[in-house]
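Structure, as structure tokens:
The values are calculated or read from the model by the stated rules, or taken from the named source; none is laboratory data. On a predicted model such as this, the values are computed, not experimentally measured, just so you know. FYI the Cβ positions are ideal-geometry reconstructions off the backbone, even for glycines, and counts take in every protein chain you see.
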């Protein structure tokens, strides 16, 4: 990932698309509860938690599942908020958010 603002924006877009594709692929055929939908689709948080329940053997009330889901959703939201970096501090934060999302994605798919 370069420090070029356009390159950062493209990287942000790419990781969000990658996350979406991974979550959709790993939750194909899953049944979600009504409260896990927004705008007729399961939320990212719901998809992440379903993957963790199924593949990591975590319980539905697991603090780990909740924390991983919350952190990854927050990272994705932060990346969206910083989509067009304007300062060096923005770029530093984007690098941090990007790496956080990358590590959490890796954790989710490691044993899926």
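Does at least one position in segment 39-51 carry a residue that is surrounded by 12 or more Cβ atoms within 10 Å (Cβ to Cβ), under 18 Å from the mean Cα position of the chain (by Cα), modelled with pLDDT of 85 or more and in a strand (DSSP E or B)? Break it down into steps so the answer makes sense when it comes.
So the first thing to find is which residues in segment 39-51 are surrounded by 12 or more Cβ atoms within 10 Å (Cβ to Cβ), and the list is 41-51.
Remaining after also requiring under 18 Å from the mean Cα position of the chain (by Cα): 41-51.
Those left that are additionally modelled with pLDDT of 85 or more: 41-51.
Next, only the ones that are in a strand (DSSP E or B) stay: 41-42.
Yes.
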Pairs with Cβ under 8 Å, 6+ apart, first in segment 93-105 and without any contact (Cβ under 8 Å) to a residue 60 or more places away in the chain, second outside any helix (DSSP H, G or I) and surrounded by 17 or more Cβ atoms within 10 Å (Cβ to Cβ): 93/82; 97/82
query: Out of curiosity, is residue 16 touching a residue at least 40 places away in the same chain (Cβ under 8 Å), in a helix (DSSP H, G or I) and either loosely packed, with under 14 Cβ neighbours inside 10 Å or within 10 Å of the chain's Cα centre (by Cα) (or both)?
result: yes
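Name the residues in segment 75-90 that are outside any loop (DSSP other than H, G, I, E, B) and surrounded by 14 or more Cβ atoms within 10 Å (Cβ to Cβ), would you? Can you show your working first?
Initially, segment 75-90 is screened for residues outside any loop (DSSP other than H, G, I, E, B), giving 75-81, 88-90.
Scanning segment 75-90 gives 75, 76, 78, 79, 90.
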- line: Only unsatisfied item for residue 44, checking (1) touching a helix residue (DSSP H, G or I) at 6+ places or on another chain (Cβ under 7 Å); (2) touching a residue at least 40 places away in the same chain (Cβ under 8 Å); (3) under 17 Å from residue 103 (Cα atoms), is (2)
query: Which one of the conditions (1) touching a helix residue (DSSP H, G or I) at 6+ places or on another chain (Cβ under 8 Å); (2) in a helix (DSSP H, G or I); (3) at pLDDT below 90; (4) exposed (fewer than 14 other Cβ atoms within 10 Å of the Cβ) does residue 60 fail to meet, given that it meets all the rest?
result: (2)
